[in-house]
1. Read through the list (1) of a type outside the set (A, V, I, L, M); (2) under 28 Å from L10 (Cα atoms); (3) crowded, with 16+ Cβ neighbours inside 10 Å, then give the number of the only condition that N67 fails.
2. If you take the residues of segment 70-94 that are of a type in the set (D, E, K, R) and in a helix (DSSP H, G or I), which of them is surrounded by the most Cβ atoms within 10 Å (Cβ to Cβ)?
3. Any idea how many residues of segment 6-38 are outside any helix (DSSP H, G or I) and among the hydrophobic types (A, V, I, L, M, F, W, C)?
4. Tell me yes or no: at least one residue of segment 39-56 is outside any helix (DSSP H, G or I) and either of a type in the set (S, T, Y) or within 24 Å of W13 (Cα to Cα) (or both).
5. Somewhere in segment 27-43, is a residue within 11 Å of the chain's Cα centre (by Cα) and charged (D, E, K, R)?
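Each value in this text was obtained by applying a stated rule to the coordinates, not by laboratory testing. Model, not experiment: these values are computed from the prediction. Cβ: placed from backbone, ideal geometry, glycine included. Neighbour counts: every protein chain shown.
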Amino acid sequence: MDPRQIAFDLINWGVDFAFLVPFFFPAYIRIIWAWEKDEWGWNIVLLDLAVSIALLPSFVHRVFGTNVSKDFFIWLIAISIWLIPIIVIWRSVMIWKKQRKIDTKEEEK
């Protein structure tokens, strides 16, 4: 088999896997963690969903042959791609707040 074809297959399978795992993560993790009751849970789940939604058009095109050059898919990609850094910044703020709270408690001792 041609090494380039192997690479393309790996990319396609990677897109499928990278879409499916984060897509089903919230339902799976809900079995062991009530993530919706925690800001960290929302952050983790929303980041996974944003990644999954960003990959949705590629998955839909590959699996169903759907034309993903339509405005709906373009806007879906644009919004989900921009949600990723926003969610990471939110996570950074949560970490900063948590660290400040810990540092403040240590100084009080």
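1. The failed condition is (3).
2. Looking only at segment 70-94, we keep the residues that are of a type in the set (D, E, K, R), and these are 70-71, 91.
Next cut, in a helix (DSSP H, G or I) only: 71, 91.
Numbers: D71: 7, R91: 16.
Ranking the candidates gives R91 first.
3. Adding up the residues that qualify gives 4.
4. no
5. There is no residue in segment 27-43 that is within 11 Å of the chain's Cα centre (by Cα) and charged (D, E, K, R).
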